[in-house]
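Heads up, the thing below is written out as structure tokens.
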Amino acid sequence: MAAAGCGHGGATDAAPAGKPTAAPVKVWGQKELERIALAPGDLDGFEVSPVVGEVGAGQPMVSQLAPDPAECKPLNDMIGYVGRYQPVWQVAKLVGSTQRDHKTTVVALNSYREQDSVKVMTELRGALDTCTAFALTSTISGWTYSHIQKLPVPSLGDDALSYRMTLNMPANDISPANSVVFSYLLVRNGTTVTTFASNLAGVRNKPTDVPRRIVDAQLEKLTEALSG
């Protein structure tokens, strides 16, 4: 039973008769996301390790750079597994097959404030309706993304979307031109958005699906935490 509290004018925390109280919104921080994220030993046949660098754990910087065309910015932002809204915390793991089939998947958990998680999904879905290709406007000269396409959306979480796009890298003094296909699946559960991004590392222009075993294992841990 909820305890009634004193307040101005005798107001209490009790809900009016016939109006149930809303469930509290869970916005997770570092400890919760680290506990929920996939860990070594969670998946037979896969190795799990932290993503290092600009993303991985913490509060990643939201990109201020607009791609060309600017309408593709939500897709550009998701390259770093973050929308244009600053997450409370992010934990990202690299999941690779022990079969050495070149398939790698990044699983990034982002916890957002209130409705920011909904806005991330809405804006990304809108960009997928209009954007077919874009160029990066960062220091990486000549990199572009093309062949952007929606994929069938599984019934997962409170909202889900899936898409694929190809990263095109021009030749330089070290390596020849290359194209890598990335497949994305995003699932929103409350204020948390989980991004799965898969590709065949070192394999030119060949698509791959996000492994369903990885998706199921991560979402199972997330669902258990939400119901706990």
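Can you name every residue in region 194-205 that is surrounded by 14 or more Cβ atoms within 10 Å (Cβ to Cβ) and over 16 Å from the mean Cα position of the chain (by Cα)? L200, V203, listed by residue number.
As for region 57-70, it holds no residue that is at pLDDT 90 or above, open to solvent by less than 30 Å² (accessible area, probe 1.4 Å) and under 29 Å from G126 (Cβ atoms). Y184 satisfies every condition listed in (1) under 17 Å from N110 (Cβ atoms); (2) modelled with pLDDT under 95; (3) of a type in the set (F, W, Y) except (2). Scanning for something within 15 Å of the chain's Cα centre (by Cα) and of a type in the set (K, R), does region 168-188 turn up at least one residue? Yes, that holds for at least one residue.
Only residues that are aliphatic (A, V, I, L, M) and touching a Gly at 6+ places or on another chain (Cβ under 9 Å) were counted across region 187-212, and they come to 3. For the criterion of being open to solvent by less than 20 Å² (accessible area, probe 1.4 Å), in a strand (DSSP E or B), modelled with pLDDT of 85 or more and out of contact with any Ser or Thr (no Cβ under 7 Å at 6 or more places or on another chain), V95 fails.
The rows are residues; the columns are (1) among the aliphatic types (A, V, I, L, M); (2) open to solvent by less than 20 Å² (accessible area, probe 1.4 Å).
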| site | (1), (2) |
| --- | --- |
| T132 | no, no |
| G142 | no, no |
| A160 | yes, yes |
| T192 | no, yes |
| P207 | no, no |
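The values are calculated or read from the model by the stated rules, or taken from the named source; none is laboratory data. Only a predicted model underlies this, so the values are computations on that prediction, with no experimental measurement involved. Cβ atoms come from the backbone with ideal geometry, glycine included; neighbour counts cover every protein chain shown. Just so you know, the surface numbers come from the protein's heavy atoms only, side chains and all, with ligands and any DNA or RNA stripped out. Shrake-Rupley method; radii C 1.70, N 1.55, O 1.52, S 1.80 Å.
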